[in-house]
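Sharing a structure with you now.
The values are calculated or read from the model by the stated rules, or taken from the named source; none is laboratory data. Just so it is clear, the structure is predicted and the values come from calculations on it, not from any experiment. Using ideal geometry, Cβ is built from the backbone for each residue, glycine included, and neighbour counts are taken over all protein chains shown.
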Amino acid sequence: MMLSISRPLAVRNPSYAVAVLATILAAMMLVVQSASAQLRIEITEGMVAPTPIAIADFTGADGRPSDAGREIASIISNDLLSSGLFEPIDSAAFIAPPSSPAIKPNFANWTPLGAKGLLVGSAILDDDGNLRVEFVLWDVVTGRDLSSGTGTADPNSLRQLSHKIADLVYEEFTGDSGYFDTQIVYVAESGSQARRVKRLAIMDQDGHNHKYLTSGLDLVLTPRFSPTTQEIAYLNYFNEEPNVYIQDIRSGRSERLGSFPGMTFAPRFGPQGDKLIMSWAQDGLTDIYEMDLRTQDIRQLTKSSSIDTAPSYSPDGRRVVFESDRAGRQQLYVMDSDGSGVQRISYGEGRYATPVWSPRGDIIAFTKMLRGTFYIGVMNVDGTGERLLADGFLVEGPTWAPNGRVLMYYKQQRFEADGGGGETALYRVDITGFNERRIITPSDASDPAWSPLRR
(Lines give C-alpha, C1' and ligand atoms only; values in the text may rest on other atoms or scores of the structure.)
Protein backbone atom coordinates (compact mmCIF):
# COMPACT_ATOMS: atom_id res chain seq x y z
CA MET A 1 0.00 0.00 0.00
CA MET A 2 1.22 3.50 -0.79
CA LEU A 3 1.15 6.43 1.61
CA SER A 4 0.68 9.91 0.21
CA ILE A 5 0.86 13.06 2.29
CA SER A 6 -0.04 16.49 0.99
CA ARG A 7 -0.77 20.02 2.12
CA PRO A 8 -3.10 21.27 -0.61
CA LEU A 9 -3.83 24.94 -1.14
CA ALA A 10 -6.80 25.60 1.07
CA VAL A 11 -8.12 28.17 3.51
CA ARG A 12 -9.81 26.83 6.60
CA ASN A 13 -10.02 30.38 8.01
CA PRO A 14 -10.05 33.30 5.50
CA SER A 15 -7.11 35.01 7.17
CA TYR A 16 -4.85 32.00 7.02
CA ALA A 17 -3.08 30.56 3.97
CA VAL A 18 -2.14 26.95 3.59
CA ALA A 19 1.13 25.77 2.03
CA VAL A 20 1.46 23.17 -0.71
CA LEU A 21 3.47 20.01 -0.19
CA ALA A 22 3.22 16.54 -1.74
CA THR A 23 5.31 13.50 -0.88
CA ILE A 24 4.89 9.83 -1.65
CA LEU A 25 5.36 7.55 1.35
CA ALA A 26 5.07 3.77 1.87
CA ALA A 27 2.60 1.65 3.84
CA MET A 28 -0.50 3.92 4.23
CA MET A 29 -2.34 7.02 2.97
CA LEU A 30 -2.48 10.28 4.90
CA VAL A 31 -3.84 13.61 3.67
CA VAL A 32 -3.16 16.73 5.73
CA GLN A 33 -4.49 20.29 5.58
CA SER A 34 -2.64 22.87 7.68
CA ALA A 35 -3.31 26.50 8.61
CA SER A 36 -0.87 28.92 10.14
CA ALA A 37 -0.52 28.32 13.84
CA GLN A 38 -1.06 30.97 16.45
CA LEU A 39 0.80 29.02 19.09
CA ARG A 40 4.52 28.70 18.67
CA ILE A 41 7.11 27.12 20.96
CA GLU A 42 10.30 29.13 20.95
CA ILE A 43 13.25 26.75 21.37
CA THR A 44 15.85 28.72 23.32
CA GLU A 45 18.77 27.85 25.55
CA GLY A 46 17.63 26.77 28.98
CA MET A 47 13.99 26.23 28.10
CA VAL A 48 12.39 24.16 30.89
CA ALA A 49 8.65 24.90 30.55
CA PRO A 50 6.99 22.38 28.22
CA THR A 51 3.70 23.30 26.59
CA PRO A 52 0.62 21.53 28.01
CA ILE A 53 -1.30 19.67 25.31
CA ALA A 54 -4.30 17.35 25.45
CA ILE A 55 -4.11 14.21 23.31
CA ALA A 56 -7.52 12.56 23.37
CA ASP A 57 -7.90 8.83 22.73
CA PHE A 58 -9.00 8.39 19.13
CA THR A 59 -12.59 7.14 19.04
CA GLY A 60 -14.27 4.30 17.14
CA ALA A 61 -17.53 4.20 15.18
CA ASP A 62 -19.54 4.37 18.43
CA GLY A 63 -17.85 7.60 19.56
CA ARG A 64 -15.96 5.82 22.33
CA PRO A 65 -12.21 5.23 22.49
CA SER A 66 -11.16 2.26 20.39
CA ASP A 67 -8.23 -0.03 21.16
CA ALA A 68 -6.37 1.27 18.10
CA GLY A 69 -7.34 4.81 19.06
CA ARG A 70 -5.87 4.45 22.53
CA GLU A 71 -2.64 3.13 21.06
CA ILE A 72 -2.41 5.99 18.55
CA ALA A 73 -2.92 8.59 21.28
CA SER A 74 -0.37 6.87 23.52
CA ILE A 75 2.29 6.80 20.80
CA ILE A 76 1.73 10.47 19.93
CA SER A 77 1.82 11.46 23.61
CA ASN A 78 5.04 9.57 24.24
CA ASP A 79 6.67 11.11 21.17
CA LEU A 80 5.79 14.65 22.20
CA LEU A 81 6.73 14.04 25.84
CA SER A 82 10.13 12.67 24.84
CA SER A 83 10.97 15.92 23.02
CA GLY A 84 10.87 17.83 26.30
CA LEU A 85 8.83 20.57 24.61
CA PHE A 86 5.36 19.20 25.43
CA GLU A 87 3.55 18.07 28.55
CA PRO A 88 0.64 15.78 27.60
CA ILE A 89 -2.20 16.19 30.09
CA ASP A 90 -3.39 13.06 31.92
CA SER A 91 -6.63 11.92 30.26
CA ALA A 92 -8.09 11.24 33.72
CA ALA A 93 -8.34 15.01 34.13
CA PHE A 94 -10.45 15.48 30.99
CA ILE A 95 -13.82 17.05 31.83
CA ALA A 96 -15.67 15.87 28.71
CA PRO A 97 -13.60 13.63 26.37
CA PRO A 98 -14.41 14.34 22.70
CA SER A 99 -16.44 11.81 20.73
CA SER A 100 -15.56 12.81 17.16
CA PRO A 101 -13.09 15.01 15.30
CA ALA A 102 -16.04 16.32 13.28
CA ILE A 103 -17.47 18.11 16.33
CA LYS A 104 -15.90 21.39 17.41
CA PRO A 105 -14.79 21.11 21.06
CA ASN A 106 -16.19 23.16 23.88
CA PHE A 107 -12.97 24.96 24.76
CA ALA A 108 -14.34 25.86 28.19
CA ASN A 109 -13.68 22.21 29.08
CA TRP A 110 -10.01 22.50 28.15
CA THR A 111 -8.82 25.92 29.29
CA PRO A 112 -9.14 25.01 33.01
CA LEU A 113 -6.67 22.17 32.37
CA GLY A 114 -4.09 24.64 31.07
CA ALA A 115 -4.13 23.00 27.63
CA LYS A 116 -2.70 25.10 24.83
CA GLY A 117 -3.41 22.52 22.15
CA LEU A 118 -5.94 19.72 21.72
CA LEU A 119 -5.66 16.75 19.35
CA VAL A 120 -8.90 14.93 18.58
CA GLY A 121 -9.20 11.94 16.28
CA SER A 122 -10.97 8.76 15.27
CA ALA A 123 -9.64 5.35 14.20
CA ILE A 124 -12.22 3.04 12.65
CA LEU A 125 -11.60 -0.40 11.15
CA ASP A 126 -13.17 -0.69 7.69
CA ASP A 127 -14.47 -3.76 5.83
CA ASP A 128 -11.04 -4.32 4.22
CA GLY A 129 -9.33 -4.57 7.60
CA ASN A 130 -7.66 -1.17 7.31
CA LEU A 131 -7.87 1.66 9.79
CA ARG A 132 -9.55 4.87 8.68
CA VAL A 133 -8.04 7.70 10.69
CA GLU A 134 -9.17 11.32 11.02
CA PHE A 135 -7.78 14.01 13.29
CA VAL A 136 -7.94 17.73 14.04
CA LEU A 137 -5.37 19.74 15.99
CA TRP A 138 -6.95 22.70 17.80
CA ASP A 139 -5.46 25.84 19.28
CA VAL A 140 -7.31 26.02 22.60
CA VAL A 141 -6.30 29.64 23.15
CA THR A 142 -7.78 31.00 19.89
CA GLY A 143 -10.31 28.26 19.15
CA ARG A 144 -8.86 27.71 15.66
CA ASP A 145 -7.97 24.40 14.06
CA LEU A 146 -4.27 24.33 13.23
CA SER A 147 -4.27 21.25 11.05
CA SER A 148 -6.43 18.32 10.15
CA GLY A 149 -5.97 15.04 8.34
CA THR A 150 -7.55 11.87 7.08
CA GLY A 151 -5.91 8.63 6.13
CA THR A 152 -5.95 4.88 5.92
CA ALA A 153 -3.36 2.51 7.28
CA ASP A 154 -2.71 -1.17 7.58
CA PRO A 155 -2.91 -1.95 11.33
CA ASN A 156 0.72 -3.11 11.14
CA SER A 157 1.65 0.45 10.14
CA LEU A 158 -0.23 2.04 13.03
CA ARG A 159 2.95 3.09 14.85
CA GLN A 160 4.41 4.81 11.79
CA LEU A 161 1.16 6.65 11.12
CA SER A 162 1.11 7.79 14.76
CA HIS A 163 4.69 9.08 14.48
CA LYS A 164 3.73 11.06 11.38
CA ILE A 165 0.84 12.71 13.21
CA ALA A 166 3.19 13.51 16.12
CA ASP A 167 5.58 15.09 13.60
CA LEU A 168 2.76 17.30 12.33
CA VAL A 169 1.90 18.43 15.87
CA TYR A 170 5.56 19.16 16.57
CA GLU A 171 5.87 21.18 13.37
CA GLU A 172 2.75 23.24 14.02
CA PHE A 173 3.96 24.26 17.48
CA THR A 174 7.70 24.73 16.85
CA GLY A 175 7.99 25.70 13.20
CA ASP A 176 10.61 22.95 12.77
CA SER A 177 10.05 19.62 11.06
CA GLY A 178 9.53 16.67 13.37
CA TYR A 179 11.81 13.68 13.81
CA PHE A 180 9.56 10.99 15.27
CA ASP A 181 9.04 8.98 12.07
CA THR A 182 12.71 8.01 11.94
CA GLN A 183 14.93 5.06 12.72
CA ILE A 184 18.16 4.51 14.61
CA VAL A 185 20.82 2.06 13.51
CA TYR A 186 23.46 1.22 16.12
CA VAL A 187 25.96 -1.38 17.30
CA ALA A 188 24.39 -3.83 19.76
CA GLU A 189 26.98 -5.17 22.20
CA SER A 190 26.85 -8.29 24.36
CA GLY A 191 29.16 -10.72 26.13
CA SER A 192 32.18 -10.12 28.32
CA GLN A 193 34.66 -7.39 27.55
CA ALA A 194 37.18 -10.05 26.57
CA ARG A 195 34.75 -11.72 24.13
CA ARG A 196 32.58 -8.83 23.01
CA VAL A 197 29.98 -9.55 20.33
CA LYS A 198 29.01 -6.57 18.18
CA ARG A 199 26.27 -6.61 15.57
CA LEU A 200 24.21 -4.03 13.76
CA ALA A 201 20.68 -3.38 15.00
CA ILE A 202 17.92 -1.04 13.91
CA MET A 203 14.85 0.33 15.67
CA ASP A 204 12.37 3.17 15.51
CA GLN A 205 13.53 6.31 17.31
CA ASP A 206 11.34 5.39 20.28
CA GLY A 207 12.96 1.95 20.63
CA HIS A 208 10.14 -0.11 19.09
CA ASN A 209 10.32 -2.45 16.07
CA HIS A 210 13.80 -3.58 17.04
CA LYS A 211 15.68 -6.05 14.85
CA TYR A 212 19.25 -7.18 14.15
CA LEU A 213 20.88 -6.63 10.76
CA THR A 214 24.04 -8.73 11.19
CA SER A 215 24.79 -12.04 12.89
CA GLY A 216 27.59 -10.99 15.21
CA LEU A 217 30.10 -13.39 13.66
CA ASP A 218 32.17 -10.44 12.40
CA LEU A 219 33.06 -7.23 14.23
CA VAL A 220 31.02 -4.26 12.94
CA LEU A 221 31.58 -0.57 13.70
CA THR A 222 30.23 2.93 13.10
CA PRO A 223 27.14 2.55 10.89
CA ARG A 224 26.15 5.65 8.88
CA PHE A 225 22.74 6.40 7.37
CA SER A 226 22.37 7.78 3.89
CA PRO A 227 20.51 11.13 3.99
CA THR A 228 18.47 10.23 0.90
CA THR A 229 17.84 6.49 0.91
CA GLN A 230 17.24 3.56 3.23
CA GLU A 231 20.91 2.57 3.09
CA ILE A 232 23.69 2.39 5.64
CA ALA A 233 27.46 2.21 5.34
CA TYR A 234 29.46 0.42 8.01
CA LEU A 235 32.80 -1.20 8.79
CA ASN A 236 33.03 -4.97 8.94
CA TYR A 237 36.25 -6.50 10.25
CA PHE A 238 36.95 -9.82 8.55
CA ASN A 239 40.30 -11.55 9.16
CA GLU A 240 41.33 -8.37 11.03
CA GLU A 241 40.88 -6.37 7.83
CA PRO A 242 38.42 -3.42 7.76
CA ASN A 243 35.91 -3.73 4.92
CA VAL A 244 33.32 -1.12 3.95
CA TYR A 245 29.81 -2.40 3.26
CA ILE A 246 26.63 -0.75 2.00
CA GLN A 247 23.38 -2.35 3.15
CA ASP A 248 19.86 -1.69 1.89
CA ILE A 249 17.60 -1.58 4.95
CA ARG A 250 14.43 -2.66 3.14
CA SER A 251 15.83 -5.62 1.22
CA GLY A 252 18.67 -6.58 3.57
CA ARG A 253 21.03 -6.80 0.58
CA SER A 254 24.68 -5.92 1.35
CA GLU A 255 27.40 -4.83 -1.05
CA ARG A 256 31.10 -4.87 -0.19
CA LEU A 257 32.88 -1.77 -1.51
CA GLY A 258 36.35 -2.99 -0.65
CA SER A 259 39.03 -3.38 1.99
CA PHE A 260 40.56 -0.24 3.48
CA PRO A 261 43.58 -1.03 5.71
CA GLY A 262 43.95 1.31 8.66
CA MET A 263 40.36 2.61 8.50
CA THR A 264 38.81 3.09 11.97
CA PHE A 265 35.60 5.01 11.12
CA ALA A 266 33.09 4.04 8.46
CA PRO A 267 32.65 6.54 5.62
CA ARG A 268 29.89 9.14 5.74
CA PHE A 269 27.50 9.78 2.87
CA GLY A 270 27.39 13.00 0.92
CA PRO A 271 24.17 15.05 1.08
CA GLN A 272 22.88 13.54 -2.19
CA GLY A 273 23.75 9.98 -1.15
CA ASP A 274 25.99 9.48 -4.20
CA LYS A 275 29.37 9.96 -2.49
CA LEU A 276 31.24 8.68 0.52
CA ILE A 277 33.89 10.58 2.44
CA MET A 278 36.38 8.68 4.57
CA SER A 279 39.76 8.60 6.25
CA TRP A 280 42.21 6.02 4.98
CA ALA A 281 45.75 5.11 5.99
CA GLN A 282 48.16 4.53 3.11
CA ASP A 283 51.94 4.39 3.20
CA GLY A 284 51.93 5.39 6.84
CA LEU A 285 49.78 8.51 6.24
CA THR A 286 46.12 8.98 7.16
CA ASP A 287 44.24 11.37 4.87
CA ILE A 288 40.72 12.24 3.73
CA TYR A 289 39.35 10.62 0.56
CA GLU A 290 36.12 10.85 -1.40
CA MET A 291 34.49 7.96 -3.28
CA ASP A 292 31.95 8.33 -6.09
CA LEU A 293 29.47 5.50 -5.49
CA ARG A 294 28.45 5.36 -9.14
CA THR A 295 31.95 4.85 -10.51
CA GLN A 296 33.76 3.88 -7.27
CA ASP A 297 36.48 6.33 -8.28
CA ILE A 298 38.43 7.60 -5.26
CA ARG A 299 39.85 11.12 -4.94
CA GLN A 300 42.35 12.21 -2.27
CA LEU A 301 41.37 15.48 -0.53
CA THR A 302 44.14 16.01 2.05
CA LYS A 303 47.81 15.19 1.92
CA SER A 304 49.83 15.86 5.04
CA SER A 305 52.08 14.15 7.56
CA SER A 306 49.36 14.47 10.20
CA ILE A 307 46.43 12.17 10.96
CA ASP A 308 43.33 13.57 9.21
CA THR A 309 40.21 11.62 10.05
CA ALA A 310 36.44 11.60 10.84
CA PRO A 311 35.25 13.81 7.93
CA SER A 312 31.65 15.02 7.60
CA TYR A 313 30.05 17.00 4.75
CA SER A 314 28.10 20.21 5.18
CA PRO A 315 24.43 19.85 4.11
CA ASP A 316 25.12 21.55 0.78
CA GLY A 317 28.18 19.37 0.14
CA ARG A 318 30.44 22.37 -0.41
CA ARG A 319 32.53 22.00 2.73
CA VAL A 320 33.89 19.28 4.97
CA VAL A 321 34.70 19.28 8.68
CA PHE A 322 37.29 16.84 10.02
CA GLU A 323 39.64 16.24 12.92
CA SER A 324 43.43 16.43 12.62
CA ASP A 325 46.48 16.48 14.86
CA ARG A 326 48.39 18.79 12.50
CA ALA A 327 48.55 21.38 15.30
CA GLY A 328 50.01 18.85 17.75
CA ARG A 329 46.75 17.55 19.24
CA GLN A 330 43.30 16.71 17.89
CA GLN A 331 41.47 19.79 16.66
CA LEU A 332 38.64 20.48 14.23
CA TYR A 333 39.19 21.88 10.75
CA VAL A 334 36.93 22.94 7.89
CA MET A 335 37.88 22.85 4.21
CA ASP A 336 36.24 23.15 0.82
CA SER A 337 35.00 19.86 -0.61
CA ASP A 338 37.94 19.75 -3.07
CA GLY A 339 40.44 19.82 -0.18
CA SER A 340 41.37 23.51 -0.48
CA GLY A 341 40.95 26.32 2.02
CA VAL A 342 41.72 24.37 5.21
CA GLN A 343 40.92 26.40 8.33
CA ARG A 344 41.15 25.44 11.99
CA ILE A 345 37.94 26.19 13.94
CA SER A 346 38.51 24.74 17.45
CA TYR A 347 40.78 26.56 19.89
CA GLY A 348 39.50 25.56 23.32
CA GLU A 349 41.25 23.44 25.91
CA GLY A 350 41.36 19.69 25.42
CA ARG A 351 41.11 17.54 22.31
CA TYR A 352 38.29 17.58 19.75
CA ALA A 353 37.10 14.61 17.70
CA THR A 354 34.28 13.03 15.60
CA PRO A 355 32.73 16.24 14.21
CA VAL A 356 29.33 16.00 12.51
CA TRP A 357 27.77 18.85 10.54
CA SER A 358 24.18 19.69 11.50
CA PRO A 359 21.48 19.05 8.83
CA ARG A 360 20.53 22.70 9.28
CA GLY A 361 24.07 23.75 8.36
CA ASP A 362 24.42 26.17 11.26
CA ILE A 363 26.45 24.24 13.84
CA ILE A 364 28.81 21.30 14.21
CA ALA A 365 28.60 18.63 16.91
CA PHE A 366 31.75 17.02 18.30
CA THR A 367 33.31 14.93 21.04
CA LYS A 368 35.68 16.71 23.43
CA MET A 369 38.22 15.21 25.82
CA LEU A 370 39.35 17.42 28.69
CA ARG A 371 41.00 16.49 32.02
CA GLY A 372 39.87 12.88 31.92
CA THR A 373 36.25 13.61 31.03
CA PHE A 374 34.49 13.23 27.68
CA TYR A 375 31.90 15.73 26.45
CA ILE A 376 29.41 16.09 23.62
CA GLY A 377 29.36 19.68 22.42
CA VAL A 378 28.35 21.97 19.57
CA MET A 379 29.91 25.06 18.03
CA ASN A 380 29.18 27.43 15.18
CA VAL A 381 30.81 26.56 11.87
CA ASP A 382 33.43 29.29 12.44
CA GLY A 383 34.34 27.83 15.85
CA THR A 384 32.52 30.41 17.98
CA GLY A 385 29.75 29.72 20.47
CA GLU A 386 31.03 26.43 21.86
CA ARG A 387 28.55 24.74 24.22
CA LEU A 388 28.97 21.44 26.07
CA LEU A 389 25.73 19.44 26.28
CA ALA A 390 26.62 16.13 27.95
CA ASP A 391 29.54 14.57 29.79
CA GLY A 392 30.69 11.26 31.23
CA PHE A 393 33.49 8.76 31.62
CA LEU A 394 33.25 8.02 27.89
CA VAL A 395 30.79 9.92 25.71
CA GLU A 396 31.15 9.59 21.94
CA GLY A 397 29.51 9.21 18.56
CA PRO A 398 27.18 12.23 18.13
CA THR A 399 24.53 11.89 15.41
CA TRP A 400 21.85 14.39 14.38
CA ALA A 401 18.10 14.10 14.16
CA PRO A 402 17.05 15.16 10.65
CA ASN A 403 15.69 18.50 11.92
CA GLY A 404 19.03 19.45 13.50
CA ARG A 405 17.47 20.09 16.93
CA VAL A 406 18.35 16.87 18.77
CA LEU A 407 21.56 14.87 19.16
CA MET A 408 22.01 11.18 19.98
CA TYR A 409 25.26 9.64 21.26
CA TYR A 410 26.42 6.86 23.51
CA LYS A 411 27.89 6.72 27.01
CA GLN A 412 30.11 4.06 28.53
CA GLN A 413 30.30 3.61 32.30
CA ARG A 414 33.56 3.18 34.19
CA PHE A 415 35.01 -0.28 34.61
CA GLU A 416 35.01 -1.66 38.14
CA ALA A 417 37.96 -3.22 39.94
CA ASP A 418 36.41 -6.69 39.73
CA GLY A 419 36.12 -6.40 35.95
CA GLY A 420 32.46 -5.40 35.96
CA GLY A 421 30.98 -2.16 34.70
CA GLY A 422 31.75 -0.72 31.29
CA GLU A 423 28.11 -0.79 30.13
CA THR A 424 27.27 1.32 27.09
CA ALA A 425 23.91 2.97 26.36
CA LEU A 426 22.36 5.45 23.92
CA TYR A 427 21.25 8.93 24.99
CA ARG A 428 19.79 11.97 23.30
CA VAL A 429 19.66 15.64 24.21
CA ASP A 430 18.26 18.89 22.81
CA ILE A 431 20.89 21.25 21.34
CA THR A 432 20.25 23.60 24.25
CA GLY A 433 21.58 20.92 26.62
CA PHE A 434 18.06 20.34 27.95
CA ASN A 435 16.17 17.06 28.32
CA GLU A 436 18.85 14.38 28.20
CA ARG A 437 17.17 10.97 27.99
CA ARG A 438 18.42 7.40 27.84
CA ILE A 439 17.18 5.25 24.95
CA ILE A 440 16.27 1.75 26.12
CA THR A 441 17.75 -1.10 24.04
CA PRO A 442 17.74 -4.89 24.57
CA SER A 443 21.50 -4.94 25.19
CA ASP A 444 24.42 -2.53 25.48
CA ALA A 445 24.49 -0.06 22.60
CA SER A 446 27.02 2.22 20.91
CA ASP A 447 27.70 4.12 17.67
CA PRO A 448 24.17 5.35 16.87
CA ALA A 449 23.22 6.79 13.48
CA TRP A 450 19.95 8.69 12.92
CA SER A 451 17.98 8.12 9.71
CA PRO A 452 16.28 10.79 7.63
CA LEU A 453 12.50 11.06 7.83
CA ARG A 454 10.93 7.99 6.27
CA ARG A 455 9.12 8.42 2.98
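Look at residue 171 and say whether it is among the charged types (D, E, K, R), in a helix (DSSP H, G or I) and touching a Gly at 6+ places or on another chain (Cβ under 7 Å).
So residue 171 passes the test.
Can you find a residue that is within 25 Å of residue 234 (Cα to Cα), of a type in the set (S, T, N, Q) and part of a loop (DSSP other than H, G, I, E, B) anywhere in the stretch 437-447?
Yes, because at least one residue in the stretch 437-447 is within 25 Å of residue 234 (Cα to Cα), of a type in the set (S, T, N, Q) and part of a loop (DSSP other than H, G, I, E, B).
With the requirement that a residue be within 22 Å of the chain's Cα centre (by Cα), more than 13 Å from residue 363 (Cα to Cα) and not aliphatic (A, V, I, L, M), what does the stretch 399-429 give you?
402, 409, 410, 411, 412, 424, 427, 428
In addition: Within the stretch 278-285, is there a residue that is within 27 Å of the chain's Cα centre (by Cα), in contact (Cβ under 8 Å) with a residue 40 or more places away in the chain and surrounded by fewer than 22 Cβ atoms within 10 Å (Cβ to Cβ)?
no
Out of 379, 369, 335, which single residue is closer than 26 Å to residue 175 by Cα, among the hydrophobic types (A, V, I, L, M, F, W, C) and in the same structural domain as residue 226 (by TED's automatic domain parsing)?
Just one listed residue meets the conditions, 379.
State which residue pairs qualify: first residue assigned by TED's automatic domain parsing to the domain that holds residue 111 and inside the stretch 87-98, second residue part of a loop (DSSP other than H, G, I, E, B) and hydrophobic (A, V, I, L, M, F, W, C) in any location, beta carbons under 8 Å apart, and separation of 6 or more residues or different chains.
So the pair list comes out as 89/115; 91/56; 94/56; 95/110; 97/56; 98/56.
For residue 260, which of the numbered conditions (1) surrounded by fewer than 21 Cβ atoms within 10 Å (Cβ to Cβ); (2) at pLDDT below 95 fails to hold?
Only one criterion in (1) surrounded by fewer than 21 Cβ atoms within 10 Å (Cβ to Cβ); (2) at pLDDT below 95 is unmet by residue 260, namely (1).
Quick one: which residue in 102, 49 is modelled with pLDDT under 95, within 17 Å of residue 132 (Cβ to Cβ) and surrounded by fewer than 16 Cβ atoms within 10 Å (Cβ to Cβ)?
102
Would you pick out the residues in the stretch 59-83 that are under 24 Å from residue 179 (Cβ atoms) and among the β-branched types (Val, Ile, Thr)?
Within the stretch 59-83, 72, 75, 76 qualify.
Please state which of the following conditions residue 391 fails to meet, knowing it meets all the rest: (1) crowded, with 17+ Cβ neighbours inside 10 Å; (2) in a strand (DSSP E or B).
(1)
May I pose another question? Just checking, how many residues over the stretch 60-81 are among the hydroxyl-bearing types (Ser, Thr, Tyr) and out of contact with any Gly (no Cβ under 9 Å at 6 or more places or on another chain)?
Counting residues in the stretch 60-81 that are among the hydroxyl-bearing types (Ser, Thr, Tyr) and out of contact with any Gly (no Cβ under 9 Å at 6 or more places or on another chain) gives 2.
Applying the selection to the stretch 237-257, what residues are surrounded by 14 or more Cβ atoms within 10 Å (Cβ to Cβ), under 27 Å from residue 315 (Cα atoms) and free of Cβ contacts under 8 Å to residues at least 60 places away in the same chain?
243, 244, 245, 246, 247, 248, 254, 257 - these are the residues of the stretch 237-257 that are surrounded by 14 or more Cβ atoms within 10 Å (Cβ to Cβ), under 27 Å from residue 315 (Cα atoms) and free of Cβ contacts under 8 Å to residues at least 60 places away in the same chain.
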